[in-house]
1. Cα centroid distance between region B:27-68 and region A:85-100, in Å?
2. Between residue A:249 and residue A:193, with labels modelled 7 Å along Cα→Cβ, what's the label distance in nm to one decimal, could you check?
3. Sorting B:191, B:21 by accessible area (1.4 Å probe), largest first, what list results?
4. Run the label-point distances for residue B:70 please: 7 Å along Cα to Cβ, every other copy, nanometres, shortest first.
5. Please give the FRET efficiency for residue A:167 paired with residue B:24, using the beta carbon to beta carbon distance and R0 = 35 Å, rounded to the nearest 0.05.
6. Scan region B:45-109 for GluC sites (Glu not before Pro) in coil per DSSP, keeping those whose Cβ has at most 13 other Cβ atoms within 10 Å, and list them by number.
7. How big is the dipole moment of region A:3-73 about its Cα centre under a simple scheme where the beta carbon of each Lys and Arg is +1, that of each Asp and Glu is -1, and everything else is neutral? Debye, nearest 20, please.
8. With each pseudo-label sitting 7 Å past Cα toward Cβ, what's the residue A:88-residue A:186 distance in nm, one decimal?
2 protein chains.
Amino acid sequence: MDWSIQEIAKLAGTTSRALRHYDDIGLLEPSRIGSNGYRYYDGAALVRLQRILLLRELGLGLPAIADVLAGETAETRALAGHLGWLRQEQDRLARQIASVERTIEALEGGEEIMAKDMFDGFDHTQYREEVEQRWGPEAYAAGDRWWRGMRDDERQAWKERTAALGRDWIAAAESGVAPGGAEAQELARRHVEWLAGVPGTPASQAGGDVKGYVIGLGEMYVADERFAANYGGEAGAAFVRDALRVYAEANL
Amino acid sequence: MDWSIQEIAKLAGTTSRALRHYDDIGLLEPSRIGSNGYRYYDGAALVRLQRILLLRELGLGLPAIADVLAGETAETRALAGHLGWLRQEQDRLARQIASVERTIEALEGGEEIMAKDMFDGFDHTQYREEVEQRWGPEAYAAGDRWWRGMRDDERQAWKERTAALGRDWIAAAESGVAPGGAEAQELARRHVEWLAGVPGTPASQAGGDVKGYVIGLGEMYVADERFAANYGGEAGAAFVRDALRVYAEANL
DNA sequence: CTTGACCTTGACGTTGCGTCAACTTCTACA
DNA sequence: TGTAGAAGTTGACGCAACGTCAAGGTCAAG
């Protein structure tokens, strides 16, 4: 007693296309193939198909399902491993949701998220590539968790400290002092100190190329107008860049 | 002042490949293309790129991002819509996690999940295609939520009721009474009544083709040995099928 | 002039099928 | 028995967002 492809598809709650796919990848072959080329399935195939569909509904990939059905992997271990992945995904989603909510809130509050807010708390996404490349993905992830994991008041304090630093830079730049002068160099020191508070930056870790990082950062401030805006525009950013370079060359 | 593709990629924290992709799909074109074919980007492009990356990090798809940047869609609305999707995903994941956990638990408890447990509480996945086709996806989703949303004691009660029905069927089949006889017909009535307790089945809704459903169900019991096992094997299942058919023809 | 770094345009791979397209086979009815 | 319509077959493209070669031009430095 066997069924046609459509029949077994309905019995099991899937489609004939999926069954052909399973045949193609060798996950489930028909029990019999007619001389006309038609696929026919028997009870054993139905049972196997239902196990496949059950595991798939739990979110397992087809290769993983193949392993389980081949007996190469115990069901519990496959599922346990899968569970870890699911939990990670859930975590990621939760953080993403929080992030979107914060963004919407900010937008509704009239904040210019694309310019100012991106700088609030230091835009770590900015350096993701660089950070991951130099210190591994964990470093970036750590920084990300750090910022997202802060309480509102902590974030507020951080923002104020950041803003104060920005104000002082602008004042210095406008006062006409030299980037290499004592006042600017003190600001540069504070800037690096401030950077040290950001996990994921070399300044916060031992053994990193802090010097190159700080110099590159200065260039960024000039190159990116959104960053530049925090230092009073391009001229101010150039001042910061120069001061940081002098400081880095001399002290890092 | 502009940057090469690698430079801007590093500045913004992405890859040159992604930038070429964005160019290909028209999301972000270089501000200038050299006579050698090289792509060059200026400050405006950098800002646009960073907005793209920000939105992408929030999980938006590239087409959606294109809409936002084209001003065709307000940011808040795009994000709000996206938020809904994220929450749905989170929900789905949560249910899947619970499901996987239950399955692992069952496996560790030594239960033969693939045979017996699938029948516990009626395997609604079995009829997903059919259910969705006839009553829409909501019906299936409702049934799914129903089972997953039950408390343990509720599930237990349901299992016992199900088991009792199975025992009675087996006893009747073995006693040698006729499928069309009063005893078997009373069991059939109970069976349909029991079915009515399962959301998503036609028996639980008004206006469905209950008759065809019940008859088809009987066939299923015979065809699928796992179902058959609940009725004492193939012979028992055949008895159930015959009794259900007679009952359905006469009363539904 | 050579070497190496960087650029270009294809084009395939990824995940699990949905969805035509073009054609053959089976089933049922006049 | 001719034929329509349902169902079967094998390709092959599409999707999301790039990663990853491959093969070959361009540029800056020694």
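1. 26
2. Those two pseudo-labels are separated by 2.4 nm.
3. Numbers: B:191 0, B:21 75 Å².
Most to least solvent-accessible, the answer reads B:21, B:191.
4. 4.6
5. Between residue A:167 and residue B:24 the formula returns 0.20.
6. Working: sites: B:57, B:72, B:75, B:89, B:101, B:105, B:108; in loops: B:72.
Counting only loop positions with at most 13 other Cβ atoms within 10 Å, the GluC sites (Glu not before Pro) in region B:45-109 are B:72.
7. With Lys and Arg at +1 and Asp and Glu at -1, about 220 debye.
8. Placing both labels 7 Å along Cα→Cβ, they lie 4.9 nm apart.
The values are calculated or read from the model by the stated rules, or taken from the named source; none is laboratory data. Here the structure is a predicted model, which means the values were calculated and not measured. Note: ideal-geometry Cβ built from the backbone for every residue, glycine included; neighbour counts use all protein chains shown. Note: areas computed on protein heavy atoms with side chains; ligands, DNA, RNA excluded. Shrake-Rupley method; radii C 1.70, N 1.55, O 1.52, S 1.80 Å.
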